[in-house]
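Participant: If you scroll down you'll find the structure; I have some questions about it.
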Amino acid sequence: MSRERKQSIGSVHRLVQFTDPHIGGRPDYQLLGLDTGHTLDEVLRAIGAQQPGADLLVATGDISANGSEAAYRRFLQKMQPVRTPWYWLPGNHDDAARMRQFAPSRCAELVALGNWRLLLLDTSLEGHICGGLSDEQLTRLQQLLTECREHPVMILMHHQPVPVGSDWIDGHMLREGAERFLQLIGDAENVKALVWGHVHQQFDSRLDRPGLGSVGLHATPSTSVQFTPGSGPFAVDEEMPGYRWFELCDDGSYETGVERVTVSEYSVDLASAGY
């Protein structure tokens, strides 16, 4: 478990992030030999049992394996028992327009959680594995950061905006607009954390901003297959699926940790050279 030290002032709000389910439209769909529908069920069950006080859930992309209607219908069916408010955002394996069509109420740009403001960014680029933000998106982000200047801000996205130290997946990080994005973050004192999926592994670091304080950088294990941290070429890890929780304090401080879920009937092809 990793933690960011907090010094709490005021109310505390519980956020749970889960990411990269990669579920298919068929019940028998597998990714590298893993039944991703089953592992998602197990992680959701663990969240329900371990995080009964959660205020909000956010799924940060690659909901589906291929952007199919059937996959989104299947995901929404699995989420029906979840009583906690939740949102999703697209990843490189998703069809962003289809997600908006199927569940527009689950697609959000800005979410208030106590004094915090959560900005959910769509970094997917149609036909590309890497991510990007258009000039229009970046202008809108700048506007929202200004509007939220009196609130601590967390930005949730799919693609990593900084390298995580795994060469092959860092070749598919945020590309278009990345420089301007990091400049905006560097100038916005109210941004406290950047949170993403995509890399299928835990990552925790800080982005230093002289005179403005640092920004927490956090990536979260997938609910499906895990990738090996620090790998050069593609490599699958033996770690179990997981999720991340945050305790957000109204003063702008927070704690975070990753919980791994021991999944029954877990089988993945560790010798795979890609997917």
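Participant: Only one of Arg209, Arg244 is under 15 Å from the mean Cα position of the chain (by Cα) and among the basic types (Lys, Arg). Can you tell me which?
Facilitator: After applying the criteria, what remains is Arg244.
Participant: Oh, and also: Residue check: is His159 under 17 Å from the mean Cα position of the chain (by Cα) and open to solvent by less than 10 Å² (accessible area, probe 1.4 Å)?
Facilitator: yes
So that you can scan it fast, the table gives a plain yes or no per residue for (1) closer than 26 Å to Gly274 by Cα; (2) not acidic (Asp, Glu):
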{"position": "Ile129", "(1), (2)": "yes, yes"}
{"position": "Arg140", "(1), (2)": "no, yes"}
{"position": "Thr146", "(1), (2)": "no, yes"}
{"position": "Met157", "(1), (2)": "yes, yes"}
{"position": "Pro161", "(1), (2)": "yes, yes"}
{"position": "His172", "(1), (2)": "yes, yes"}
{"position": "Glu176", "(1), (2)": "yes, no"}
{"position": "Glu179", "(1), (2)": "no, no"}
{"position": "Lys192", "(1), (2)": "no, yes"}
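Participant: Would you pick out the residues in segment 196-211 that are under 16 Å from Val258 (Cα atoms) and of a type outside the set (Phe, Trp, Tyr)?
Facilitator: Listed by number, the residues that qualify are Gly197, His198, Val199, His200, Gln201, Gln202, Asp204, Ser205.
For (1) part of a strand (DSSP E or B); (2) at pLDDT below 95; (3) of a type outside the set (Lys, Arg), each residue gets a yes or a no:
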residue: Arg175; (1), (2), (3): yes, no, no
residue: Val195; (1), (2), (3): yes, no, yes
residue: Gln201; (1), (2), (3): no, no, yes
residue: His218; (1), (2), (3): yes, no, yes
residue: Ser224; (1), (2), (3): no, no, yes
residue: Trp245; (1), (2), (3): yes, no, yes
residue: Glu255; (1), (2), (3): yes, no, yes
residue: Thr262; (1), (2), (3): no, no, yes
residue: Glu265; (1), (2), (3): no, yes, yes
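Participant: If you check Gly213 against the conditions, is it open to solvent by 10 Å² or more (accessible area, probe 1.4 Å) and small (Gly, Ala, Ser)?
Facilitator: yes
Participant: Hey, among the residues in segment 139-150 that are surrounded by fewer than 18 Cβ atoms within 10 Å (Cβ to Cβ) and touching a residue at least 40 places away in the same chain (Cβ under 8 Å), which one's farthest from Gly213 (Cα to Cα)?
Facilitator: For segment 139-150, the residue satisfying everything is Gln142.
Participant: Tell me, which residue of segment 123-138 that is in contact with a strand residue (DSSP E or B) (Cβ under 6 Å, 6 or more places away or on another chain) and open to solvent by 20 Å² or more (accessible area, probe 1.4 Å) is farthest from Pro221 (Cα to Cα)? Please lay out each step first, then the result.
Facilitator: From segment 123-138, those in contact with a strand residue (DSSP E or B) (Cβ under 6 Å, 6 or more places away or on another chain) are 123, 125, 130-132; that's our starting set.
Checking the rest, the ones that are also open to solvent by 20 Å² or more (accessible area, probe 1.4 Å) come to 125, 130.
Values: Leu125: 22, Cys130: 18 Å.
Among those residues, the one meeting the criterion is Leu125.
Participant: Yes or no: Val164 closer than 27 Å to Ser231 by Cα, assigned to a strand (DSSP E or B) and open to solvent by less than 20 Å² (accessible area, probe 1.4 Å)?
Facilitator: Criteria not met by Val164.
The values are calculated or read from the model by the stated rules, or taken from the named source; none is laboratory data. For clarity, every value in this text was computed on a predicted model and none was experimentally measured. Using ideal geometry, Cβ is built from the backbone for each residue, glycine included, and neighbour counts are taken over all protein chains shown. Quick note on the areas: whole protein, heavy atoms, side chains included, nothing else; ligands and nucleic acids left out. Shrake-Rupley method; radii C 1.70, N 1.55, O 1.52, S 1.80 Å.
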